[in-house]
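The values are calculated or read from the model by the stated rules, or taken from the named source; none is laboratory data. Note that the coordinates shown come from a computational prediction; the quantities given were computed from them, not determined experimentally. Every residue, glycine among them, receives a Cβ derived from its backbone with ideal geometry; neighbour counts consider all protein chains shown. For the accessible areas, the whole protein counts, side chains as well, though only heavy atoms, and no ligand, DNA or RNA atoms are used. Shrake-Rupley method; radii C 1.70, N 1.55, O 1.52, S 1.80 Å.
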Amino acid sequence: MPGFELFGTEERSEVNDVLETGILMRYGFDGPRQGVWKSRELETAISNVFGSKYTQLVSSGTAALTTAMAALGIGYGDEIILPAFTFVASFEAVISVGAIPVFADVDDTLTLNPEAVRNAITPKTKCIMPVHMCGSMADLDALMAICKEHNLILLEDACQSIGASYKGKKLGTIGDAGTFSFDFVKTITCAEGGAVLTTTKAQTAAPICTLL
Ligand SMILES: Cc1ncc(COP(=O)(O)O)c(C=O)c1O
């Protein structure tokens, strides 16, 4: 998307603040970093602006998805229903935690058709993961109703829809957890980065694989 290569003086100045400390790690080095905690500041800003109780920055949108899945207790053998129209990272993340991607058709929302989701539910289904594509939004009321009915987790992949909202609430803050990507072609970028947004405390992480 044209414009991704343009950086203003404000952005350069923020990056320089970090370079001047010489500390490129987000944790530790409390003394040498001279009070510069950009990641922590961004987490607080995201929580305030988007309305998530907890925000955790990670290294990419893909890492945000795997982190969210592990924190939500999704792991080996669990089925996650996601749209057939998405970016490859959505289902790569599912596979990387040992879970099984189950693809369902999309509708005019550009993401999950609730009826297709219903038809894809099995006893192994653990999570429904709409991907809010290209700035649009899923039919979250319908998907949340299905989650409630079947006791399923709702994980929003909002990597492509940072700032969009559904009925006044920011995407990524409506389900059990939501994810953002800050890669080079996203609306907010830091080259590579991501965030997990949630209002619930993490459950015990599920095993990513089990020995047979
Ligand atoms: C819908 C969606 N999910 C996840 C990702 C993964 O984000 P990242 O490139 O930061 O790993 C992307 C990236 O394009 C995406 O479009």
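Just name the residue that is farthest from the ligand (Cβ to nearest atom) out of those in the stretch 176-191 that are within 26 Å of M144 (Cβ to Cβ) and in contact with a strand residue (DSSP E or B) (Cβ under 7 Å, 6 or more places away or on another chain). Going through the qualifying residues, I end up with D176. When the stretch 52-73 is filtered for residues that are more than 10 Å from the ligand (Cβ to nearest atom) and of a type in the set (G, A, S), the ones remaining, listed by number, are S52, A68, A70, A71, G73. Residue-level check: of (1) assigned to a helix (DSSP H, G or I); (2) away from the ligand (no atom under 14 Å from the Cβ); (3) open to solvent by less than 10 Å² (accessible area, probe 1.4 Å); (4) out of contact with any Lys or Arg (no Cβ under 9 Å at 6 or more places or on another chain), I146 misses just (4). Within the set S161, S165, S96, the sole residue that is within 17 Å of the chain's Cα centre (by Cα), hydroxyl-bearing (S, T, Y), at pLDDT 95 or above and within 11 Å of the ligand (Cβ to nearest atom) turns out to be S161. Contact map, the stretch 181-193: first residue outside any loop (DSSP other than H, G, I, E, B), second residue open to solvent by less than 50 Å² (accessible area, probe 1.4 Å) and within 8 Å of the ligand (Cβ to nearest atom), Cβ cut-off under 6 Å, separation 6 or more or different chains; pairs are S181/G61; S181/C159; S181/G194. Being buried (at least 20 other Cβ atoms within 10 Å of the Cβ) and either more than 18 Å from the chain's Cα centre (by Cα) or modelled with pLDDT of 95 or more (or both) is a property that holds for V117. Residues of the stretch 82-108 that are open to solvent by 10 Å² or more (accessible area, probe 1.4 Å), in a helix (DSSP H, G or I) and of a type in the set (S, T, Y): S96 alone.
When G172, G194 are screened for being within 11 Å of the ligand (Cβ to nearest atom), under 11 Å from the mean Cα position of the chain (by Cα) and not acidic (D, E), only G194 passes.
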